[in-house]
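The values are calculated or read from the model by the stated rules, or taken from the named source; none is laboratory data. Keep in mind that this is a model prediction, so the values were computed, not measured. Glycine also receives a Cβ, built like all others from the backbone with ideal geometry; neighbour counts cover every protein chain displayed. Note: accessible area is taken over every heavy atom of the protein model, side chains too, but ligands, DNA and RNA are not part of it. Shrake-Rupley method; radii C 1.70, N 1.55, O 1.52, S 1.80 Å.
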Amino acid sequence: MSNNQDNLENKLSDAKAGAGGMLSKGQHISAGNQTTAVEVAKTGSMKDVILWLLAAAVLIGATLVNQYLPGYWQPANDVWIRIGIIVALIVFALVCLALTHQGRAFKILLKDAAVELRRVTWPGKDETFQYTWQVLVMIAIVGFLVWLLDNFFNWFVGLFIG
């Protein structure tokens with residue numbers, strides 16, 4: 001296992017070096033200085049605070065549309081208009097959040113996750129079938145043991161109660 005981990009780390013460092021120091025947009029390595037999604041998320045500005053507050057206000061408003069808007073605006077009596085307004089408000093809030101530093105960090109995280117998913121070695125059909133049966137057998141064994149313990153404790157508690 002350790003040998004596989006060492007091989008993976010070597011391949012990862014070779015890939016980073018082969019990329020010329022550029023991993024993804026907004027993330028780079030240069031002389032040990034690494035900008036990661038966590039570092040981007042920790043930075044902030046007044047623009048971020050305003051966008052977060054705006055997104056929170058819009059989401060709160062989206063929760064109130066169904067109850068209060070029909071009383072003030074006649075076309076909102078149609079359920080599809082209310083659904084459209086709620087969806088539009090949610091999309092607007094997500095756009096506001098995507099424009100923050102934390103939203104940018106989330107986009108970096110998604111790109112890095114996509115890169116990692118491309119590196120995954122997925123099991124074949126035979127391996128999947130074999131592992132599925134192993135899991136089902138273990139579930140049956142553990143379920144039987146839990147059933148035995150449950151019956152034993154019911155009997156044991158029954159000695160004191162009855």
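Which numbered condition trips up residue 46, out of (1) in contact with a His (Cβ under 7 Å, 6 or more places away or on another chain); (2) exposed (fewer than 11 other Cβ atoms within 10 Å of the Cβ)?
(1)
Search segment 97-125 for residues being free of Cβ contacts under 8 Å to residues at least 12 places away in the same chain and part of a loop (DSSP other than H, G, I, E, B), and hand back the single one that is least open to solvent (accessible area, probe 1.4 Å).
Step by step, filter segment 97-125, then rank; the result is 124.
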